[in-house]
1. By how many nm would the segment from residue 99 to residue 136 lengthen if fully extended, with 0.36 nm per residue of separation less the alpha-carbon distance?
2. Applying 1/(1 + (r/R0)^6) with R0 = 25 Å to the Cβ-Cβ distance of residue 64 and residue 30, what FRET efficiency is obtained, to the nearest 0.05?
3. Taking loop as defined by DSSP and a crowding limit of 15 other beta carbons within 10 Å, which GluC sites (Glu not before Pro) in segment 60-168 fit?
4. Subtracting the Cα-Cα distance from 0.36 nm times the residue separation, let me have the gained length for residue 143 to residue 120 in nm, one decimal.
5. Label-point separation (nm) for residue 110 and residue 77, each offset 7 Å from Cα along Cα-to-Cβ?
6. Label residue 85 and residue 39 with points 7 Å out from Cα along Cα→Cβ: what is the distance between them in nm?
7. Cα-based Rg (one decimal) and Dmax (whole number) for segment 65-150, in Å?
Amino acid sequence: MATDKNTIIGNKKLASLKEYEIFDGSYNYKGDFNFLELYKQMHAYLMENGYEEDKFMETLYLERNGGGGQEHWVWWRLQKKCDNKYFNLKFNVDTHTLTLKKHESVYEGRKVKGNKGEIEVFFKMILEIDSKEEWNKTSFFKSKYFMKWFFNKGYKDEIDRQIVDASGEVEKFQSMIKQFLGIKPFVKDFSGVPFHPVKGYE
């Protein structure tokens, strides 16, 4: 069973004019899969798609064992430079598993080892503008009136383009995870190479 809980796809401004919350949601799946292989594939996908390895931070890896199975919490904090040097993406990916147990499934007529349980992956994408504060060196940006005009009108088309691109980043990452789990991708034209074997089974 799989569920999307995508609460925000848009351009919610945060406290600063220079930050936009692009996406805040999660994807939940209950069933059989190989957790370690999914972990590896998620990391590999992000590195292959431009997220900076030297700024990749796993701020938490927690594993608990209980009578109902294993629980995991994994927190990743990533950054990526956009095609415009004044824009930067901050991507938070949190993974939570519950009742995860070792499990044997039948794949292509043979038994394979993996896991069975529940996993939910949380996604939060923030678009930062001028994070190095280069614009602050210009006298125009010392005026709050100019700042409002610039972000709401003067530079709006470019900001909107970056918002659309950033939304697509999350949707494609979600689709990669769904494709791994054997679920129909969220993005209809997702062009990633189909995973074989499905769910990370060897």
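Each value in this text was obtained by applying a stated rule to the coordinates, not by laboratory testing. Owing to the predicted nature of the structure, the values given are computational and were not obtained by experimental measurement. Here Cβ is always computed from backbone atoms with ideal geometry, including for glycine, and neighbour counts include all displayed protein chains.
1. On the way: separation 37, 0.36 × 37 = 13.32 nm, distance 5.04 nm.
Full extension of this stretch gives 8.3 nm more.
2. On the way: r = 19 Å, r/R0 = 0.74.
The formula returns an efficiency of 0.85 here.
3. Details: sites: 63, 71, 104, 108, 118, 120, 128, 133, 134, 158; in loops: 108, 133, 134.
Sparse-neighbourhood loop GluC sites (Glu not before Pro): 108, 133, 134.
4. 3.9 nm
5. It works out to 4.4 nm between the two label points.
6. Inter-label distance under the simple model: 3.9 nm.
7. Reported Rg and Dmax, both Å: 22.8, 69.
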